[in-house]
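Derivation of every value follows stated rules applied to the coordinates shown; laboratory data play no part. Since the structure is predicted, the reported quantities are computational estimates derived from the model, not experimental observations. No Cβ is skipped: glycine too gets one built from the backbone with ideal geometry, and neighbour counts run over all protein chains shown.
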Amino acid sequence: MAKSNKLTMAKLNAVDSKNNQRKTIYVTSENYEVNVHTYFRESLMEDAVTEYIALVEELRTQTELDDVLIRGTLSLFNVLVMKKFTDLPFPKQMDLGSLISISRKFMDNGITNEVINSFPKEELDKLEQRFKAAQQQAAKVIAEMAVASVAQAQEISDAS
């Protein structure tokens, strides 16, 4: 009879430790050390997508959309990747404005390119697929809300 191979907490931790692969890169002419993940955990990818959706939602509810803010959302993917999969300094509490502000500092100092290019391409591709699926889902929800709103307005005008 085969010996039972029960999953214990110690075994789970051993299995999980393979998800903690990192490497150190050096950014800017000052050679600042940055630790980057070489494997993207499912849970962290999920966190990045969830945070992205929340930020897009925050953007939609803001009445004053300026060009800087809209342009800034284009860099959200990169900045969220850096936030979740590196040890770069990010403030604990961040709203959309402060996230865009720090992403511009990383970009202007060449840090974004250096860090993004240091990630394994297949890991970035996996995460990008998640983002695309989330964007399509969000777009679908927004479209359904718009259709419902038009239908409701039509019912109101038909009733009067």
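Identify the trypsin sites (Lys or Arg not before Pro) of region 86-125 meeting these criteria: DSSP loop state and at most 10 other C-beta atoms within 10 Å of the C-beta. When the trypsin sites (Lys or Arg not before Pro) of region 86-125 are filtered for loop state and at most 10 Cβ neighbours within 10 Å, K92 remain. In a simple Cβ point-charge model (Lys, Arg +1; Asp, Glu -1; nothing else charged), the chain has a dipole of about 1020 debye relative to its Cα centre. For Y32, the amide hydrogen comes within under 5 Å of the amide hydrogens of V27, counting only partners 5 or more places away or on other chains and with H modelled in the peptide plane.
Each Lys or Arg adds one and each Asp or Glu takes one away; over the other residues whose Cβ falls under 13 Å from the Cβ of E46, this sums to +1. Straight Cα distances below 27 angstrom link K6 to the lysines K18, with same-chain residues fewer than 8 positions distant left out. Computed about its Cα centre, the charge dipole of region 81-126 is approximately 160 debye, with only Lys, Arg, Asp and Glu carrying charge at their Cβ. Electrostatic bookkeeping for V150 treats Lys and Arg as +1 and Asp and Glu as -1; over the other residues with beta carbon under 14 Å from its beta carbon, the sum is -3. In terms of overall dimensions, the C-alpha atoms belonging to the chain reach 73, 61, 27 Å along their principal axes, ordered largest to smallest.
The stretch between T61 and K92 holds 8.9 nm of extra length on full extension. This uses 0.36 nm per residue minus the Cα-Cα distance. Computed over neighbours whose Cβ is under 15 Å from that of A10, the net charge equals +2, Lys and Arg +1, Asp and Glu -1.
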